[in-house]
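*Asks:* Input: one structure, supplied below.
The values are calculated or read from the model by the stated rules, or taken from the named source; none is laboratory data. Quick caveat: nothing in here was measured; it's all calculated off a predicted structure. Here the Cβ positions follow ideal geometry from the backbone for every residue, glycine too, while neighbour counts run over all protein chains shown.
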Amino acid sequence: MENGAVYNETTEPQAPRRPLFGCTLRRLWGWRLPVKLVQTIFSFVAVLCEEIVDNCITCGGLYFFEFISCSAFLLSLLILCLYCTDLYQSLGKDKVQKL
């Protein structure tokens with residue numbers, strides 16, 4: 001059996017290795033990744049700072065700040081997850097831009 005050129009080591013094609021949890025940084029490269037990470041950290045710090053407040057006299061502004069900071073944190077986390085996983089390819093570029 002010296003027909004090594006005819007037969008491969010295996011008859012099954014090997015699938016390309018996928019990164020852990022499908023994480024990739026191909027779509028957030030350069031300055032975009034650090035900016036998104038800083039935005040996520042700052043919005044999380046804002047949520048924590050809001051939760052520290054025990055008493056308030058007029059709480060309308062505090063509740064508005066809580067809503068905005070929590071929304072910013074969740075949306076920036078969603079964007080990070082969307083661009084850094086295989087979900088971007090699953091949904092497609094058009095649907096991601098609409099989102």
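*Asks:* Pairs only if they're at least six apart or on different chains, beta carbon under 8 angstrom, first in the stretch 79-99 and farther than 17 Å from THR40 by Cα, second in a loop (DSSP other than H, G, I, E, B) and modelled with pLDDT under 80; list them, first residue then second.
*Replies:* Every condition considered, the pairs that remain are ASP86/ARG18; ASP86/THR24; TYR88/ARG27; LEU91/LEU99.
*Asks:* Restricting attention to the stretch 62-76, does a residue exist that is part of a loop (DSSP other than H, G, I, E, B), hydrophobic (A, V, I, L, M, F, W, C), at pLDDT 80 or above and surrounded by 10 or more Cβ atoms within 10 Å (Cβ to Cβ)?
*Replies:* No, there is no match, as no residue in the stretch 62-76 is part of a loop (DSSP other than H, G, I, E, B), hydrophobic (A, V, I, L, M, F, W, C), at pLDDT 80 or above and surrounded by 10 or more Cβ atoms within 10 Å (Cβ to Cβ).
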